[in-house]
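Before any comments, here is the structure.
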Amino acid sequence: MKIPGIIHFPTAIISKPSFSLSYSSFSRHYFYRYFPNNTINMAPSSSSKTLIDFFPQTNPKRRKTTDNGVSAAPLPPLSLLNSDNGDCGSGNPSDDTGLLTADQKFRMEFNKSLALSKLNLRICSDKVQNSKAEGGNGYVKLKELLVEESWLVALSEEFEKPYAKSLCKFVEAEICGGKVPIYPPPNLIFNALNSTSFDKVKAVILGQDPYHGPGQAMGLSFSVPKGIKIPSSLGNIFKELKQDLGCSIPSHGNLERWAVQGVLLLNTVLTVRNHQANSHAKKGWEQLTDAVIRNISEKRKGVVFILWGNCAQEKVRLIDESKHHILKSAHPSGLSAHRGFFGCRHFSRTNQILEQNGELPIDWQV
């Protein structure tokens with residue numbers, strides 16, 4: 001029985017092993033979304049099917065959420081993640097993105113970056129798990145834990161330098177020794193770089209070394225996973241955000257949402273021993289993270305460097321102030337927040353700079 005208004009494919013055509021259907025009769029948006037390889041492959045069928053049968057059906061009343069509980073549009077297919085044409089990941093430079101609102105562009109960019117971040121994290125986690133499955137202790141060489149392609153290109157020569165080889169040996173000995181826990185977990189050591197690609201960096205917030213308590217460090221400066229008590233410095237950051245932009249104070253301290261928007265949350269030292277602050281300082285990490293800052297300074301333009309405290313402000317020497325913007329204040333720790341951090345308004349000032357440069361502002365609400 002044929003229903004009026006529905007296109008039916010003849011059984012003879014459907015029964016062929018496969019065929020390709022040109023997308024000229026469809027909207028480019030939906031074709032690229034559902035058929036990124038430009039073909040529709042259909043298995044043999046003995047019954048007549050309508051065109052509707054070959055499209056995934058979704059329930060418009062249900063919306064996906066990110067790990068932060070943020071409502072998000074469906075993630076784009078992985079084939080679109082490397083799109084660099086600036087059109088919100090349409091996969092086609094001629095797509096009509098000019099019709100999108102600023103909010104729609106933000107959501108598309110956010111979901112695209114979040115998907116890439118999750119993919120990179122999964123790759124790192126799989127490497128660690130594979131090491132354990134093969135009878136190892138979960139140790140993976142440092143260079144193999146940096147999986148974000150843009151940073152591998154930017155730092156291609158660093159891991160071959162003598163200091164980096166010495167650093168790798170030190171970290172391997174610390175992790176494999178097993179006497180004292182090392183934070184963060186191996187799969188999160190390069191979380192900052194794996195979450196914020198080189199070409200997407202809009203702002204940099206520098207920290208020192210990771211939190212040294214169990215379960216705190218997650219590879220992003222100042223950030224802690226959900227379920228972990230918010231440290232005093234991060235609590236003061238949230239207070240300043242509320243005063244500056246009216247953001248509500250969240251119940252958790254996971255700043256992943258900032259990272260995928262282009263805020264590089266970089267510690268100058270990326271590992272630490274349990275309950276031993278600065279225990280991995282002066283082992284080579286500072287040279288590697290200096291190279292990160294130097295690459296951004298030399299190869300990017302208009303990035304906002306947010307430097308809280310004297311240690312972060314020492315890095316000014318690496319930044320070309322004629323190309324970038326530098327915001328300084330006291331550190332947000334309980335000891336110094338009242339000496340210049342509160343009232344610095346760095347979050348609104350960062351957004352003002354980005355908008356003046358034609359960039360989308362950061363949604364700082366966690």
(request) For VAL204, list long-range residues whose amide hydrogen, built 1.01 Å from N in the peptide plane, is under 5 Å from its own amide hydrogen. (result) LEU264, VAL304, PHE305, ILE306
(request) Please report, in debye to the nearest 20, how large the charge dipole of the range 127-192 is about its Cα centre when each Lys and Arg carries +1 at its beta carbon and each Asp and Glu carries -1 there. (result) 280
(request) Taking amide H positions as placed in the peptide plane 1.01 Å from N, state which residues far from ILE228 in sequence (5 or more) or on other chains have amide H under 5 Å from it. (result) GLY253
(message) Could you derive backbone 3J(HN,Hα) for the range 247-257 from the dihedral phi with the Karplus parameters 6.51, -1.76 and 1.60 (θ = phi - 60°), listing whole Hz in sequence and x where the residue is Gly or Pro?
(response) 5, 6, 7, x, 8, 9, x, 7, 9, 3, 4
(request) Per residue of the range 198-215, in order, report the coupling 6.51 cos²θ - 1.76 cosθ + 1.60 (Karplus, θ = phi - 60°) as ³J(HN,Hα) in whole Hz, putting x for Gly and Pro. (result) 4, 6, 9, 5, 10, 9, 10, 10, 8, x, 9, 9, x, 4, 10, x, x, x
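Take the cross-link list LYS118/LYS202; LYS112/LYS323; LYS179/LYS229; LYS200/LYS299 and give me the ones stretching past 24 Å between alpha-carbons. Provide the component values of the computation, followed by the final result.
On the way: LYS118/LYS202 20 Å; LYS112/LYS323 27 Å; LYS179/LYS229 26 Å; LYS200/LYS299 12 Å.
Violating the 24 Å limit, Cα to Cα: LYS112/LYS323; LYS179/LYS229.
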(request) For the range 338-353, take each phi angle, set θ = phi - 60°, evaluate the Karplus expression 6.51 cos²θ - 1.76 cosθ + 1.60, and give the result in whole Hz per residue in order, putting x for glycine and proline. (result) 7, 9, x, 6, 4, x, 6, 6, 5, 6, 5, 5, 4, 5, 4, 5
(message) Once ligands and nucleic acids are excluded and a 1.4 Å probe is used, how much of GLU160 is accessible, expressed in Å² to the nearest 10?
(response) 100
(message) Can you sort MET108, MET218 by solvent-accessible area, 1.4 Å probe, largest first?
(response) MET108, MET218
(message) Could you put VAL180, VAL263, VAL366 in order of accessible surface area, largest first, with the 1.4 Å probe and the full protein assembly present?
(response) VAL180, VAL366, VAL263
(request) Using a 1.4 angstrom probe on the protein heavy atoms only, line up GLU149, GLU144, GLU134 by accessible area, largest first. (result) GLU134, GLU149, GLU144
(request) Compute the label zone of CYS176 within the range 120-137: residues whose backbone N is under 13 Å from the point 7 Å along Cα-to-Cβ. (result) 136-137
(request) In whole angstrom, note down how far apart the Cα centers of the range 158-177 and the range 238-290 are. (result) 22
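The values are calculated or read from the model by the stated rules, or taken from the named source; none is laboratory data. The structure presented is a predicted model; accordingly, all values stated were derived computationally and were not measured. Neighbour counts run over all protein chains shown; Cβ positions are idealised from the backbone, glycine included. Surface areas here come from the heavy atoms of the whole protein model, side chains and all, with no ligands, DNA or RNA. Shrake-Rupley method; radii C 1.70, N 1.55, O 1.52, S 1.80 Å.
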